[in-house]
Every structure is written in structure tokens, then in C-alpha cells.
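Novice: Encoded as C-alpha cells, here's the structure I'll be asking about.
The values are calculated or read from the model by the stated rules, or taken from the named source; none is laboratory data. From a predicted model like this one, the values you see are computed outputs, not experimental measurements. So basically every Cβ, Gly included, is an ideal-geometry build from the backbone, and we count neighbours across all protein chains shown.
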């Protein structure tokens, strides 16, 4: 499972004409798209949540569409002046922005790819003949030089569909990496909104919750294999995975018995992304850490879907030393008005100077 997956069984590609780009000799007010490429959409709607990808950047927007030829052929409108003025800040009219980008150089060929995602979002990718992606498409067997002004429709039964769909998923994921990272944090804190999208995408948050659940389980499985290796090499005496059969809700994931029979607790904090993302700790975890200051480790697992890595923090109690007194003062203040908190989440930057993380360890995901 990934955050971005194609929903439409057809991918559209076309070379943009002068009329599509709003030439002075044409009164065409739309960009024509290949028929049947967005046939799953409800035709009665005028605008659709969208993003325009151009030159390695994703732009959040609305796609103003009309359907012609008995609702078979979609066309991108610019949106009326009133509709453009009503757009929230940082949200574009996709059609207008396509023309604005193309106006920077009308002496080269421009191409448009479009498809729909399973979150009901439509993605448009604008390329010109100098774009880096053109060569990648050529390697997939898609020669943009042979695409006519009318366009090309690549369906699931076509030989290039699977490779092209994978390429588009990866491209869409890469340009939305910071958004995906924010969604992963939101899935841990319970946030229902994110800052990198003005228009809410509820399905993205729902999917992020499922993805992070899988990330947490995979991280614990990787750590289990790591501890097994440590036990076999007599680095530790034994260990116990608290959630091996079911989620226990304990404020730690593993009990580790050292060679001297002392016991320490370990919490696996996993991310699909970079080490530098904040670690989320609950007030319950911080209270337990505070009671077991020298016996609690954070095993930070990151990049676990690519090349999984591990760094261990042995002094997370320095965070609880700061949090607990302030949390108690805050609760005491609330109690004066008969109010109280029922749990709270703390985002801990991994680059805090008070934290000690061991050197990076590469994990074998296939061990």
C-alpha cells in the first residue's frame, strides 16, 4: 500500500496545441483531453480537487472541467474570473496555470499527462521537450514525438500501462514527500488537518492511518529480528516482544534482559521516511519513562520501506524531565477550573542537543 495509487484505468497524454495554450489567433477557452480518460467522474460537477506537477513541484489546485460529445470527452476550462478570484490562497486554477507556464516559452513543444488517483484527486503533469521526465518516458517506450495533438489513451490492457502507472505513482509520491511525512505525523497525533494542503483530502488521512499502522508493525518486526541476532551473538541474554500476538497498549514494545540480568524497556519508533522526522510520545509513555529513567530506550527505525536503518537513544528521560513538571503545572492550573487533560502527544525533534543517539545501523529487511 502506498499513499498514491491510480484509480482510473486509462492514462491520457497529449501534445498541447497553440489553441490549447491560448494563442492569439484562437478563441478556444479550454484544453481538450482524450475521450474516455476520465469516464468514471461524475459529469455534473464543474470542479475537481487536483494537483498540477511541473518541474519537480506539485501545485495544489482545482480542475475546472466540462464534458462534451455526449459527456465522453473531458476538457479543462480556465475557470471564470469569479471562480479564479474565489480560489483560496495557494490554490491554483490548473488550466490557467498550465497556460501561464507554457507562456514562458512558446517556441518549444508542451505535453500534458493526466490520470485520477484513488483519493478522487486528478493529477495533471505538464512537460516540455526539455523536461527530465521526457527521457524517462522514452525509456518506457512512450515516444512523445509521435503523440498527436488529439492525444493518446493508454489503458490497463496496453503493454505500457503497468510501467507507466508505476512511474507516475513514484513521480507523484516524490513531489509530495513533505506532505506524506506530515500525514504520517498527523496519523500519530490525531490531527485531522495538515498544513501542506489547503483543500482537505479525508481519504489521504484515512490511508495515512492505515499506512502508519503497517509502518509500526513492520518496524517492530525488524526490531524483533535485530534482537534475535543480538541474542544469538550473546550481546543480550533474552528479550520479549510485548505485541507479538496482539497490541497490548503497553508504554513500550520490548523487554530486554541484559547479560547481567538487568531489564530495560524499548519502544520502537518507526517512520517510512527520514530520521529527522519528530518522534511522537504520549503522556503515558513519558510518565513511564520518568519512572524508569535509566531503563528505557528509544529504537528509532527509519526508511523502513527502502533501506531500513536504526539509531538508539539511551537518554530519552531528558525529555520527560522537561515534560513532566510542566505537564503537572498545566494540569494543576486546569484543575482550578475543574478541567483536566486526558492524555497528550509530544513531538520530539530528533536533533535536540540533549538527546544521545548511537551511530546508524543498517538492518537487513530480508533476514
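Novice: Check whether at least one residue in region 326-344 is surrounded by 11 or more Cβ atoms within 10 Å (Cβ to Cβ), under 19 Å from residue 294 (Cα atoms) and either at pLDDT below 95 or in contact with a helix residue (DSSP H, G or I) (Cβ under 7 Å, 6 or more places away or on another chain) (or both), and report yes or no.
Specialist: no
Novice: Give me a count of the residues in region 284-296 that are surrounded by fewer than 19 Cβ atoms within 10 Å (Cβ to Cβ) and in contact (Cβ under 8 Å) with a residue 40 or more places away in the chain.
Specialist: Total satisfying the criteria: 1.
Novice: Which of the residues belonging to region 71-86 are farther than 21 Å from residue 13 by Cβ and either surrounded by fewer than 18 Cβ atoms within 10 Å (Cβ to Cβ) or out of contact with any strand residue (DSSP E or B) (no Cβ under 8 Å at 6 or more places or on another chain) (or both)?
Specialist: The answer is 71, 80, 81, 82, 83, 84, 85, 86.
Novice: Tell me, yes or no, whether region 128-136 has at least one residue that is assigned to a strand (DSSP E or B) and farther than 25 Å from residue 198 by Cβ.
Specialist: Yes, region 128-136 contains at least one residue that is assigned to a strand (DSSP E or B) and farther than 25 Å from residue 198 by Cβ.
Novice: Need the failing condition index for residue 219 against (1) closer than 25 Å to residue 5 by Cα; (2) surrounded by fewer than 15 Cβ atoms within 10 Å (Cβ to Cβ); (3) at pLDDT 95 or above, just the number.
Specialist: Going through the list (1) closer than 25 Å to residue 5 by Cα; (2) surrounded by fewer than 15 Cβ atoms within 10 Å (Cβ to Cβ); (3) at pLDDT 95 or above, residue 219 breaks only (2).
Novice: Looking for whichever is surrounded by 13 or more Cβ atoms within 10 Å (Cβ to Cβ) and closer than 14 Å to residue 125 by Cα here; the options are 63, 3. Which one fits?
Specialist: Just one listed residue meets the conditions, 63.
Novice: If you go through region 256-273, how many residues are in contact with a strand residue (DSSP E or B) (Cβ under 6 Å, 6 or more places away or on another chain) and either at positive phi or surrounded by fewer than 18 Cβ atoms within 10 Å (Cβ to Cβ) (or both)?
Specialist: Residues of region 256-273 that are in contact with a strand residue (DSSP E or B) (Cβ under 6 Å, 6 or more places away or on another chain), as a first pass: 256-257, 263-271.
If we keep only those that are either at positive phi or surrounded by fewer than 18 Cβ atoms within 10 Å (Cβ to Cβ) (or both) as well, we get 257, 263.
Total satisfying the criteria: 2.
Novice: If only one of 68, 108 is surrounded by fewer than 18 Cβ atoms within 10 Å (Cβ to Cβ), without any contact (Cβ under 8 Å) to a residue 24 or more places away in the chain and under 22 Å from residue 132 (Cα atoms), which one is it?
Specialist: Answer to the selection: 108.
Novice: Working only within region 144-170, note down all residues that are assigned to a helix (DSSP H, G or I) and closer than 28 Å to residue 73 by Cβ. Even if it seems obvious, please write down each step before you answer.
Specialist: Initial filter on region 144-170 (assigned to a helix (DSSP H, G or I)): 144-146, 161-170.
Those that are assigned to a helix (DSSP H, G or I) and closer than 28 Å to residue 73 by Cβ: 144, 145, 146, 161, 162, 163, 164, 165, 166, 167, 168, 169.
Novice: Considering each of 173, 193 in turn, give the residue that is surrounded by fewer than 17 Cβ atoms within 10 Å (Cβ to Cβ) and assigned to a loop (DSSP other than H, G, I, E, B). First the steps, then the outcome.
Specialist: Numbers: 173 fails: assigned to a loop (DSSP other than H, G, I, E, B).
Every option except 193 fails the conditions.
Novice: Here is a follow-up. Test residue 183 against the stated conditions and say whether it is touching a helix residue (DSSP H, G or I) at 6+ places or on another chain (Cβ under 8 Å), farther than 16 Å from residue 207 by Cα, touching a residue at least 40 places away in the same chain (Cβ under 8 Å) and in a helix (DSSP H, G or I).
Specialist: no
Novice: Then there is this: Within region 133-162, which residues are without any contact (Cβ under 8 Å) to a residue 24 or more places away in the chain and either over 15 Å from residue 7 (Cα atoms) or crowded, with 17+ Cβ neighbours inside 10 Å (or both)?
Specialist: 134, 135, 138, 139, 141, 143, 145, 146, 158, 159, 160, listed by residue number.
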